[in-house]
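J.: Below is the structure I would like to discuss, written out as structure tokens.
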Amino acid sequence: MSGDPVALTRDLLRFDTVNPPGRERECARHAGALLEEWGFRVDYHEYAEGRTSVVARAGGSGSKAPLCLTGHLDTVALGSAAWTRDPFSGETDGDRLYGRGSSDMKAGVAAILLAARSLARALPATPGLVIVLTAAEEGGCIGSQHLARTQLLGRAGAMVVGEPTSNYPFVGHKGSLKFHARFRGVSAHGSMPELGVNAIYKAARAVSRLEAFDFGAKPHPVMGGPTMNVGTFEGGQGVNMVPDEASIGVDIRTVPGVDHAALLSRLKGLLGEDAELDVFSDMGAVWTEPDNEWVQRVFEICRRHLGERPAARTATYNTDAGNLRKAWAGAPTVVLGPGEAKLAHQTDEYVSMERVREAVAIYEELIRDWCGP
Ligand SMILES: [Zn+2]
């Protein structure tokens, strides 16, 4: 294959990895085969049929752990509005390359792959690289959650997440704690509510308590405070029945210093003993002090491309880093990729081809900086 990041992005766009259902396997095998061809040792991990993540390594010697470059292979759905471009063929117009997942984040994956390719021969006898391409990032970071429980991740000393930032290095993002809480009642005829226990009333009282909840957390200087949103409320089967079941869906975004286990136990107390909690996303906030030595070097490399020295900013979205850092506790992390965050999940999503080429150059410099003499 050619070394052109636009051609490679287009190759990746042609795999329909819309999640749900995901179906990352073919795309993962394609990327893995390329990495193998370039001398990487490649492992695959499927947490479910066809939901394939890739872990590839090159180099890795001495005491310094490798640098991780990571991205996800799945995309969100096309949405209900009609596209004016083919979402899977990689149409171009001027500097724009269109497609579902172009900005979020197959261009980022392509840039990671090509930077890895161009330096592959120089990696033996250096700390080396670990490339992690995940399934099922959209809607809960499920692929990385499973990956973090395996031995495949090994070590990493720092992490670059190629999510869309227009090549601006972000030093973290909020954490995520999402759960459903189910409340049980006792069914009765709507004409005799005194014979039943109304689960909707229980859920409603819980929602009121959640609305008034005070995290008691100090605001973070860059991220601000933690937030909570009750996003769903379901219950009842008919207006003439006392509902015996109701459930709510809660989305909490946390900041560094908020301990999820402690927070969850406070919330359990608040929701009441008989509330059944199903936590389906639990990732701590990702934050690296901007004066971290490696982050300073990343800023310096980006400064030459951006024309300004980056400031300490954080991304508005979550990334797989929240899970990967469970395996690599404390690894300094930046979110840095060629896509445009504002185009992620949009109809007629595109990426700037110039930015993709720039991302390859930035990643190459980051690899040289980490692995160089
Ligand atoms: Zn993404």
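J.: If you add up the charges near Val18, with Lys and Arg at +1 and Asp and Glu at -1, over every other residue whose beta carbon is less than 15 angstrom from its beta carbon, what do you get?
T.: Values: positive: Arg14, Arg23, Arg25, Arg51, Arg100, Lys106; negative: Asp16, Glu24, Glu26, Asp74, Asp86, Asp104, Glu137, Glu138, Glu349.
That sum, taken over residues with Cβ under 15 Å, equals -3.
J.: Which value in deg cm²/dmol, rounded to the nearest 500, describes the helix-derived mean residue ellipticity at 222 nm for the chain, given -39,500 (n - 2.57) per DSSP H run of n ≥ 4 and division by the residue count?
T.: Numbers: 9 runs with 106 residues, N = 373.
It comes out at -9000 deg cm²/dmol, rounded to the nearest 500.
J.: Specify, per residue and in Å³, the volume enclosed by the convex hull of the alpha carbon atoms belonging to region 1-121.
T.: Working: hull volume 13.2 nm³, N = 121.
It comes to 109 Å³ per residue, whole-number rounded.
J.: Lysines near Lys174 by alpha-carbon distance under 21 Å, same-chain residues fewer than 8 away left out - which ones?
T.: Cα-Cα hits under 21 Å: Lys218, Lys326, Lys342.
J.: Which one of Ala315, Ala329, Ile362 has its Cα pushed farthest toward the positive end of the charge dipole of region 298-373, where Lys and Arg give +1 and Asp and Glu give -1 at the Cβ?
T.: Ala329
J.: Write down the accessible area per residue of region 17-161 in Å², having rolled a 1.4 Å probe over the full set of protein chains. Before the final figure, lay out the partial values.
T.: Details: 5290 Å² over 145 residues.
I get 37 Å² per residue for this part.
J.: How many percent of the accessible area of the chain is carbon or sulfur, using a 1.4 Å probe? Show your work: numbers first, answer last.
T.: Numbers: 7900 of 15840 Å².
Ligands and nucleic acids excluded, carbon and sulfur reach 50 percent.
J.: Here's something else I'd like to know. Let me check I've understood the local charge: for Asn229, count other residues with C-beta under 12 angstrom from its C-beta, Lys and Arg +1, Asp and Glu -1. What total comes out?
T.: Working: positive: Lys178, Arg253; negative: Glu211, Asp251.
With Lys, Arg at +1 and Asp, Glu at -1, the net is 0.
J.: Taking the Cα centre of region 1-120 as origin, work out the dipole magnitude from +1 charges on Lys and Arg Cβ and -1 charges on Asp and Glu Cβ, in debye rounded to 20. Mind dumping the intermediate values first?
T.: On the way: 14 positive and 16 negative charges, 59 e Å.
About 280 debye.
J.: Over 29 Å, how big is the tail of the calculated P(r) for the chain, in percent of all Cα pairs? Display every interim value, and only then the final one.
T.: On the way: 31496 of 69378 pairs.
Summing the P(r) of the chain above 29 Å gives 45 percent of all pairs.
J.: Rounding to the nearest 20 debye, state how big the charge dipole of region 149-252 is about its Cα centre with +1 on each Lys and Arg Cβ and -1 on each Asp and Glu Cβ.
T.: Working: 10 positive and 8 negative charges, 90 e Å.
Here region 149-252 has a charge dipole of around 440 debye.
J.: Are there any GluC sites (Glu not before Pro) in region 294-340 that are in a DSSP loop and have at most 15 other Cβ atoms within 10 Å? List them by number.
T.: Details: sites: Glu300, Glu308, Glu340; in loops: Glu308, Glu340.
Passing sites in region 294-340 are Glu308.
J.: Note down the Stokes-Einstein diffusion coefficient of region 114-257 in µm²/s, whole number, using a Kirkwood radius over alpha carbon pairs, 37 °C, and 0.692 mPa s. Please list the in-between numbers first.
T.: Working: Rh = 19.8 Å.
Translational diffusion coefficient: 166 µm²/s.
J.: Hey, how much of the P(r) for region 56-159 falls beyond 19 Å, as a percent of Cα pairs? Please report the intermediate quantities before stating the final value.
T.: Numbers: 2890 of 5356 pairs.
Result: 54 percent of Cα pairs exceed 19 Å.
J.: List the extent of the Cα atoms of region 311-354 along each of their three principal axes, largest first, rounded to whole Å.
T.: Computed over region 311-354, the largest-to-smallest principal extents equal 37, 23, 18 Å.
J.: Quick one: order His189, His173, His260, His180 from most to least accessible surface, probe 1.4 Å. The partial results should precede the final answer.
T.: Values: His189 100, His173 0, His260 20, His180 75 Å².
Ranking His189, His173, His260, His180 by accessible area, largest first, yields His189, His180, His260, His173.
J.: Looking only at Cα atoms, what is the convex hull volume of region 187-281 per residue, in Å³? The partial results should precede the final answer.
T.: Details: hull volume 9.7 nm³, N = 95.
Value for region 187-281: 103 Å³ per residue.
J.: About the Cα centre of the chain, what is the dipole size in debye to 20, counting +1 per Lys and Arg Cβ and -1 per Asp and Glu Cβ, all else neutral? Intermediate values should be presented prior to the final figure.
T.: Numbers: 39 positive and 46 negative charges, 168 e Å.
In debye, rounded to 20, the chain gives about 800.
J.: In a shell of Cβ-Cβ distance under 9 Å around Ala136, excluding Ala136 itself, what net charge do Lys and Arg (+1) and Asp and Glu (-1) give?
T.: On the way: positive: Arg51; negative: Glu24, Asp74, Glu137, Glu138.
Result for the neighbourhood of Ala136: -3.
J.: Can I ask one more? For the chain, what proportion of DSSP beta bridges, expressed in % and rounded to the nearest 5, is antiparallel? Before the final figure, lay out the partial values.
T.: Values: 48 of 63 bridges.
Bridges in the chain are about 75 percent antiparallel.
The values are calculated or read from the model by the stated rules, or taken from the named source; none is laboratory data. Quick caveat: nothing in here was measured; it's all calculated off a predicted structure. Counting neighbours? That spans all protein chains shown, and the Cβs are built from the backbone with ideal geometry, glycine included. SASA here: full protein model, heavy atoms, side chains in, ligands and nucleic acids out. Shrake-Rupley method; radii C 1.70, N 1.55, O 1.52, S 1.80 Å.
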